[in-house]
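The values are calculated or read from the model by the stated rules, or taken from the named source; none is laboratory data. Every value quoted in this text rests on a predicted model; they were computed, and no experiment measured them. A quick note on method: Cβ atoms are made from the backbone with ideal geometry, for glycine too, and the neighbour counts reach across all protein chains shown. Ligands, DNA and RNA are excluded from the accessible area calculation, which covers all protein heavy atoms including side chains. Shrake-Rupley method; radii C 1.70, N 1.55, O 1.52, S 1.80 Å.
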Amino acid sequence: MENKVYIFISHSHQDIAKVRIIRNYLESLAAEPILFFLLSKTDEDEITQLIKDEIGARIWFIYCKSENSEKSKWCQTELQYAKEFPKSNLLTIDLDTSFDEEGNLKEESKNQMKDMINRISRVNTCFFSFPYNEIDILYPIMKSIANYGFDVSCTLDLKSGCNFLEGTKSMIDKANYFIVFIYKELARSTLSEMKLALDLGKRVLPILVYYKDSSEIFDQVKNVPYLRDMVCLEYDLSDIEKSNDHLFKNLYHLC
């Protein structure tokens, strides 16, 4: 799946000229930054919730620091929420020192943003393993993680006609994290891919997906040497929002 670099940019609208330069530079790096200046809403609680939702939906946060933003109630609200959210991907750009006398963005500031973009491609890559007879249930979870800026892949992405084993090994090798969904059964293919990931030194994150009666599969997991000593996350299909939040927080922590 294509990795989208979604970035929330916190700024004072009084600094919009400089902020637009930063936004344009990020877009030149194939990122997708968002600038907020709300005119359609007046209810403060509604605005606050909207801002929190948008920050929460992005792994990356840039704070454009200036005298104006330091005095802005909304900028400080955004910054505080970004600090509380379990993400370490917060970059502060000081607008007073990041531009030269001609109003151009300094190389040092450009390099800060380049490093952030590079970190995305270097760190947030995940290979997903799951039983394909449950694809209708599990594939949407994988897609939702991709929407949060993670570069995700699975064997469904292999090109037709390629060597399946070599292709799978190559995809796992390129990923930083191996995420395995365990739902109703421990598929043989899942165990094989997990062993391959461990042999390649990948960090493995098992996710136990709850359904109506999960006790049998949980008992199986306890008897698998690969999983016995691992911390397994729990994903409850009856509460997708809460489960996604729990999953994303753990992914952010891994990154």
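The table below gives the values:
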quantity	calculated
For residue 58: the one exception among (1) open to solvent by 80 Å² or more (accessible area, probe 1.4 Å); (2) of a type in the set (Lys, Arg); (3) assigned to a loop (DSSP other than H, G, I, E, B)	(1)
Qualifying strands (runs of 3 or more DSSP E) (wholly inside segment 155-255; at least 1 residues being open to solvent by 20 Å² or more (accessible area, probe 1.4 Å) and at pLDDT below 75)	203-210
Qualifying residues in segment 87-124 (those that are open to solvent by 10 Å² or more (accessible area, probe 1.4 Å) and in a strand (DSSP E or B)) - the one modelled with the lowest pLDDT	90
Among residues of segment 127-140, those that are at pLDDT below 80 and buried (at least 17 other Cβ atoms within 10 Å of the Cβ), counted	2
